Amino acid sequence: MGMTLTEKILAEHAGKEFVAPGELILAKVDLALGNDVTSPIAIQAFRSTGAKAVFDRERVVLVPDHFAPNKDIKSAEQVKMMREFSKEFGLAHWFEVGRMGIEHVLLPDEGLVVPGDLVIGADSHTCTYGALCAFSTGVGSTDLAAAMVSGEVWLKVPETLRIVLSGKPRKWVEGKDVILHLIGEIGVDGALYRSMEYAGDGLAHLPMAWRFTITNMAIEAGAKNGIFPFDGITKAYSDARPRSKYEVVTADRDARYAEELSVDMSALEPVVAFPHLPENTRPLSKVGNVPVDQVVVGSCTNGRIEDLRRAAEVIRGRKVHDGVRMLIFPATQEIYLQAMREGLMETFVTAGAAFSTPTCGPCLGGHMGILAKGERAIATTNRNFVGRMGHPESEVYLANPAVAAASAVLGRIGGPEELP
Amino acid sequence: MILSGKAWKYGDDVDTDVIIPARYLNSSDPAELARHCMEDIDASYAGKVSPGDFIVAGKNFGCGSSREHAPISIKASGASAVVARSFARIFYRNAFNMGLPIFEAPEAVDAIETGDRISVDMEKGILRNETKGKEFRFSPIPPFMQELVAAGGLLNYIKTRKKGS
C-alpha cells in the first residue's frame, strides 16, 4: 500500500517502513525552532528537565522576530533570555537583530531547511517549509522544549487532503489568492488535523515564493501541514543554498487520500478575506467600497523580494493616498538589501510609504503599526482575527501584495487595474 | 476525577488571539496572562470566572497561533476544563502538554448555556448538565494522552524515556 508525501517523510523519521493515518509515532526532528514569544516558556521548561545540552546545537534555531527590535523592557528581557541560552548551549544559529529576519522566510533562505526534512517550530506558521517538500508543523513551547532535549517529537499521522491545481493564474493573481480561495471554500477548520498535499499540472506556474505563501497558510485551514511535491522549481531553489545535500521524496502512485479537491487557477481573480476570519473571502470584484486607514506589505506570508517587487510595480510613479499609512516590511536583511539594490526602497519611500527593518510586529498586533479603535487595514499577512492588528474594534482585510499596493493608492480596497 | 462548575459559553472558531491577545505576550507569567484571558471576546470573563468553571465553545476552539500562553491563561484563570465541538490541533496538543483537560462533546455543547452548572467524569466520559438535568457521553482521552497525563506531562514523559534508553 502506498504512502502520501507526509506519510513517507514521517515514516522515514520514525524509523518505520510504513505509517498509516491515525498512528501515533515518535519522530526524529531535523530542526527545532522558537521565537521570542514562544522560546522563553520553552527555555524554562528545558531547564526544568535538568538537561545539560541540547540534542544537537546545529539543529536548534532561535529567532527573535515578533517583538524585536525590542519594543519595550519586557520584550528585551525575553530576547535576552534567548540570547543567553543560545550562548550557554552553543547554538550554531542565533540570529541577532541586524542579522535576523522573519523566521519562516529566513530559515529556508539560509538553507537551514531542505527537502525531505522534518521540522517543528513553536510558531503556527512553521508549516511554511512544506513548500520545499519537507514536513513541518507548528507546536507549543513544551513540545519545543522536549524536542530540544530529545531531538524527537510525538506526532499523530494525519489523513491527507489532495489538492489538484490546474490552469495558469491570470495577471495579478498569485499564490495568496490560491490559498485564500481554498480557505474560503473549505473553511478555517476545513483541513482540521489533516495534511494538505498539492499536485497537478498547475504547479509549473507556481514559483517558490507563491508556494511558501500557500503552505504558510495551511494552518489557517486548520491543517497540520501543507506540502508541495519536489520538482525543478524546488530543485533550483534548494541547490542554490548552502546545505545542498537532501533527499528527494515522492508520493506513491497508490497513496491513499482522504479527499480530493481541484482548483482551476485560470478561473481565479484576486481574493480578499474580510474580517474576522480568513474564510470570509470574496473575489476582488465583489468587495464594494471599503476605505482603508493602513496598508501593510510584509510578514512570513508575503514579505519576500517577489512580494516587494510586485507591490513596487503597482506603486511606482504613484502616491500613497492622503488618508492612508503604508508600511513595508522586508522579511530578512537579505531581502532588505536586495530591495535597496533594485531601487524598490526608493520607490516606496518616494510614494510616501514607510520602509521598516524586518519584524513580525504589526501582523500580530505587536508593534510598528497598531490599529486604533474603528480603524481598518488591508494586509498581506495571514490572519484577520478580532484584535489581530490592534484594537478589538479594528478590522483587517487580507490580500496579495498587488491588491494591497493598489489599495494604498486608491484609499480603499481595489486592484491594480483600477489605477489611473 | 470529577470536575464541576459553571459554564461560560462561546461560539465557533474562538481563536488564540481573543483567548490571549498578542499585546500581552511580552510576558509569560501565568497570573498576568490570566488577567487578560478571553479579553477580546468577553472582557468580563477574567473578573467573573470561579475556580472549577468550564469554558464551553463550538467548533475549532483555539485556532490560530501556537502560543502556549492560551492554555496557560485559561488554566491560570481557574477554569477546570474546556468543552468544545472540536479543537484546533496545536491547541489540543498544548492543552495536554500543559495539563489542561479538554473534551470534544458536540451534543453536550449544544445543550449548554452560560451559567449552567455542569460536571464531568473524566474517566467514564460522562458530562452532566445539572441545571438542565441532561447527561451526555463523550470519547474518553486516547491511550497515548493518558500515558502523557500519567507521566505528569510531556517533559516528564521524555525524562522517563531518556532514563530507559
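Determine, yes or no, whether B:Ala57 is in contact with a Pro (Cβ under 6 Å, 6 or more places away or on another chain) and either within 13 Å of chain A (Cβ to nearest Cβ) or not acidic (Asp, Glu) (or both).
So B:Ala57 fails the test.
Taking the stated definitions as given, is A:Val113 part of a loop (DSSP other than H, G, I, E, B), more than 10 Å from chain B (Cβ to nearest Cβ), of a type in the set (A, V, I, L, M, F, W, C) and crowded, with 23+ Cβ neighbours inside 10 Å?
yes
All but one of (1) open to solvent by less than 20 Å² (accessible area, probe 1.4 Å); (2) within 12 Å of chain B (Cβ to nearest Cβ); (3) in contact with a strand residue (DSSP E or B) (Cβ under 9 Å, 6 or more places away or on another chain) hold for A:Thr142; which doesn't?
(3)
Of the residues A:Val173, A:Val164, A:Val139, which single one is of a type in the set (A, V, I, L, M, F, W, C) and farther than 24 Å from A:Thr381 by Cβ?
Only one candidate passes the filter, namely A:Val164.
Here is a check on your reading of the model: is A:Leu91 within 23 Å of A:Asp231 (Cα to Cα) and aliphatic (A, V, I, L, M)?
no
Are there any pairs, at least 6 apart or on different chains, whose C-beta atoms fall under 8 Å, with the first in region A:139-157 and within 12 Å of A:Gly121 (Cα to Cα) and the second among the basic types (Lys, Arg) and in a helix (DSSP H, G or I), and if so, which?
Close Cβ pairs satisfying both conditions: A:Val139/B:Arg93; A:Gly140/B:Arg93; A:Asp143/B:Arg93.
Can you tell me how many residues within region B:74-106 are in contact with a helix residue (DSSP H, G or I) (Cβ under 7 Å, 6 or more places away or on another chain) and within 12 Å of chain A (Cβ to nearest Cβ)?
11
Please find, within region A:239-251, the residue that is modelled with the highest pLDDT out of those that are over 18 Å from A:Glu58 (Cβ atoms) and of a type outside the set (Val, Ile, Thr).
Residues of region A:239-251 over 18 Å from A:Glu58 (Cβ atoms): A:239-240, A:248-251.
Those still in the list that are of a type outside the set (Val, Ile, Thr) too: A:239-240, A:251.
On the way: A:Asp239: 95, A:Ala240: 94, A:Ala251: 98.
So, considering only residues that are over 18 Å from A:Glu58 (Cβ atoms) and of a type outside the set (Val, Ile, Thr), the one modelled with the highest pLDDT is A:Ala251.
Exactly one condition in (1) more than 13 Å from chain B (Cβ to nearest Cβ); (2) touching a strand residue (DSSP E or B) at 6+ places or on another chain (Cβ under 6 Å); (3) of a type in the set (Val, Ile, Thr) is false for A:Val403; which is it?
Condition not satisfied by A:Val403: (2).
For region A:215-302, please list each of the strands (runs of 3 or more DSSP E) lying entirely inside it that holds at least 3 residues being at negative phi and open to solvent by 10 Å² or more (accessible area, probe 1.4 Å).
Once the strands (runs of 3 or more DSSP E) in region A:215-302 are filtered for at least 3 residues that are at negative phi and open to solvent by 10 Å² or more (accessible area, probe 1.4 Å), what remains is A:259-264, A:281-283.
State the number of residues belonging to region B:8-43 that are out of contact with any strand residue (DSSP E or B) (no Cβ under 8 Å at 6 or more places or on another chain), more than 7 Å from chain A (Cβ to nearest Cβ), surrounded by 24 or more Cβ atoms within 10 Å (Cβ to Cβ) and part of a loop (DSSP other than H, G, I, E, B).
2
Could you tell me whether region A:121-134 includes any residue that is of a type in the set (A, V, I, L, M), within 25 Å of A:Val37 (Cβ to Cβ), at the interface with chain B (Cβ under 10 Å from one of its Cβ atoms) and under 14 Å from the mean Cα position of the chain (by Cα)?
Yes; the residues of region A:121-134 include at least one that is of a type in the set (A, V, I, L, M), within 25 Å of A:Val37 (Cβ to Cβ), at the interface with chain B (Cβ under 10 Å from one of its Cβ atoms) and under 14 Å from the mean Cα position of the chain (by Cα).
Considering each residue of region B:139-165, count those that are open to solvent by 60 Å² or more (accessible area, probe 1.4 Å), under 17 Å from the mean Cα position of the chain (by Cα) and at pLDDT below 75, and give that number.
2
Would you mind stating whether A:Val396 is modelled with pLDDT of 95 or more and either part of a loop (DSSP other than H, G, I, E, B) or touching a helix residue (DSSP H, G or I) at 6+ places or on another chain (Cβ under 6 Å) (or both)?
No; evaluated as a whole, the condition is false for this residue.
Any chance you could count how many residues in region A:334-349 are touching a helix residue (DSSP H, G or I) at 6+ places or on another chain (Cβ under 9 Å) and in a helix (DSSP H, G or I)? Outline the logic, then answer.
Filtering region A:334-349 down to residues touching a helix residue (DSSP H, G or I) at 6+ places or on another chain (Cβ under 9 Å) leaves A:334-336, A:338-340, A:342-348.
Those left that are additionally in a helix (DSSP H, G or I): A:334-336, A:338-340, A:344-348.
Selection size over region A:334-349: 11.
Go through the residues of region A:376-386 one by one and say whether even a single one is more than 14 Å from chain B (Cβ to nearest Cβ) and out of contact with any strand residue (DSSP E or B) (no Cβ under 8 Å at 6 or more places or on another chain).
Checked region A:376-386: no residue is more than 14 Å from chain B (Cβ to nearest Cβ) and out of contact with any strand residue (DSSP E or B) (no Cβ under 8 Å at 6 or more places or on another chain).
How many of the residues in region A:244-263 are in contact with a helix residue (DSSP H, G or I) (Cβ under 8 Å, 6 or more places away or on another chain), closer than 23 Å to A:Leu161 by Cβ and not small (Gly, Ala, Ser)?
5
In this structure, is A:Asp177 over 18 Å from the mean Cα position of the chain (by Cα) and either away from every other protein chain (no Cβ under 14 Å) or open to solvent by less than 10 Å² (accessible area, probe 1.4 Å) (or both)? Even if it seems obvious, please write down each step before you answer.
Details: over 18 Å from the mean Cα position of the chain (by Cα): no; either away from every other protein chain (no Cβ under 14 Å) or open to solvent by less than 10 Å² (accessible area, probe 1.4 Å) (or both): yes.
No.
Filter region A:184-214 down to the residues that are of a type in the set (Phe, Trp, Tyr) and either more than 10 Å from chain B (Cβ to nearest Cβ) or in contact (Cβ under 8 Å) with a residue 60 or more places away in the chain (or both), then identify the one that is most open to solvent (accessible area, probe 1.4 Å).
Looking at residues that are of a type in the set (Phe, Trp, Tyr) and either more than 10 Å from chain B (Cβ to nearest Cβ) or in contact (Cβ under 8 Å) with a residue 60 or more places away in the chain (or both), I get A:Trp210.
For (1) in contact with a Leu (Cβ under 6 Å, 6 or more places away or on another chain); (2) more than 21 Å from A:Phe95 (Cα to Cα); (3) open to solvent by 20 Å² or more (accessible area, probe 1.4 Å), each residue gets a yes or a no:
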| residue | (1), (2), (3) |
| --- | --- |
| A:Glu334 | no, no, yes |
| A:Ala339 | yes, no, no |
| A:Gly361 | no, no, no |
| A:Met368 | no, no, yes |
| A:Lys373 | no, yes, yes |
| A:Arg376 | no, yes, yes |
| A:Arg388 | no, yes, no |
| A:Gly411 | no, yes, no |
| A:Gly414 | no, yes, no |
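Would you check if there is a residue in region A:307-315 being out of contact with any Pro (no Cβ under 6 Å at 6 or more places or on another chain) and open to solvent by 20 Å² or more (accessible area, probe 1.4 Å)?
Scanning region A:307-315, I find at least one residue that is out of contact with any Pro (no Cβ under 6 Å at 6 or more places or on another chain) and open to solvent by 20 Å² or more (accessible area, probe 1.4 Å), so the answer is yes.
Out of A:Gly298, A:Gly323, A:Gly352, which single residue is under 24 Å from A:Ala68 (Cβ atoms) and touching a strand residue (DSSP E or B) at 6+ places or on another chain (Cβ under 9 Å)? Lay out the reasoning, then the answer.
Numbers: A:Gly323 fails: under 24 Å from A:Ala68 (Cβ atoms); A:Gly352 fails: under 24 Å from A:Ala68 (Cβ atoms).
Unique residue meeting the criteria: A:Gly298.
Pairs needed: first member in region B:25-50, in contact (Cβ under 8 Å) with a residue 24 or more places away in the chain; second member anywhere, part of a helix (DSSP H, G or I) and of a type in the set (D, E, K, R); C-beta distance under 7 Å; at least 6 residues apart or different chains.
Note: pairs meeting the criteria are B:Ala46/B:Arg35.
The values are calculated or read from the model by the stated rules, or taken from the named source; none is laboratory data. All values derive from a computational prediction rather than experimental measurement. Cβ atoms come from the backbone with ideal geometry, glycine included; neighbour counts cover every protein chain shown. The area values use the complete protein model at the heavy-atom level, side chains included, leaving out ligands, DNA and RNA. Shrake-Rupley method; radii C 1.70, N 1.55, O 1.52, S 1.80 Å.
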